[in-house]
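A short worksheet on the structure shown next.
Only the coordinates and a few stated rules stand behind these numbers; no lab work does. All values reported here derive from a predicted model rather than from experimental measurement. Methodologically, a virtual Cβ is constructed for each residue, glycine included, from the backbone with ideal geometry; neighbour enumeration extends over all protein chains shown.
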Amino acid sequence: MGNFYTDVISQDARFDSAACIDDPSLLEPTTRHLVEGIVSAAQHMGIEVMIYETYRSQQRQQALFNNGATKLRTVGVHHYGLACDIVRVIGGEPSWKGDFSFLGQLAHSSGLIWGGDWGVPDIKHSFIDSVHVQRCTVARQGDLFAGAWYPGETYNPYDDAQHLFAAAIKVSEIQQPAKAGLKTGRPRNKQ
Ligand SMILES: [Zn+2]
């Protein structure tokens, strides 16, 4: 049985594009709907935001990995249409500056995992991606990347209790000191 990744994304002409793509139509429909709700809720809060990146090809993921901008080498959740980066708009330009806790609150209430806490706010995270939201837990990512799992229409990662718990363990395991040789002032983290 197909899903949005096999039926839409993998058929799209931009599948191998190295560009940064901000087209919401490459977000899986439930994810798209939730992301659009977050954008409009932020505007209601007086915070101007924009969708910065939706779908990401493996080529672009690899390039970001090589730059030290992500910890995921070949694929990320963006590749499956299940993640979106939402940034502020300052003076008409995208901005990663300032407090993104509003995005964490909106993501949580929408049923999306926020890259500021990866769904487990009680532990300290070494990898923070405060503009990133995704509709799967960190612990589900392995199955997602292997093609063994894709969320159904009504899947809510916060109901995925066992996987949230596993995510907490997994994230705490990667709280090791940063590798020597990482450039300072490297680009912002991206999942
Ligand atoms: Zn992201």
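Odds and ends about this structure:
- In this label model, Ile169 and Lys97 are separated by 4.3 nm, measuring between points 7 Å along each Cα→Cβ vector.
- Summing +1 for each Lys or Arg and -1 for each Asp or Glu among the other residues whose beta-carbon sits under 14 angstrom from that of Phe15 gives -1.
- In terms of its alpha-carbon gyration tensor, region 6-48 comes out oblate; a/c meets the 1.5 threshold, while b/c is at least as large as a/b.
- Each of Ser40 and Ala19 was given a label point 7 Å from its Cα along the Cα-to-Cβ line. The distance between the two points is 2.7 nm.
- Environment charge of Thr70, counting only residues whose C-beta is closer than 9 Å and scoring Lys/Arg +1, Asp/Glu -1: +2
- Set of region 129-153 residues, backbone N closer than 18 Å to the point 7 Å along the Cα-Cβ line of His108: 129-138
- The chain, helix-only ellipticity at 222 nm - DSSP H runs n ≥ 4, -39,500 (n - 2.57), divided by all residues, nearest 500: -8500 deg cm²/dmol
- Max mean-square fluctuation residue, GNM over the chain, Cα-Cα springs under 10 Å, options Gln11, Gln134, Gln62: Gln11
- Between Ala167, Ala107, Ala18, the residue with the greatest mean-square fluctuation in the GNM of the chain (Cα pairs under 10 Å linked by springs) is Ala18.
- Rounded if a/c under 1.5, otherwise prolate or oblate - the chain, Cα gyration tensor axes: rounded
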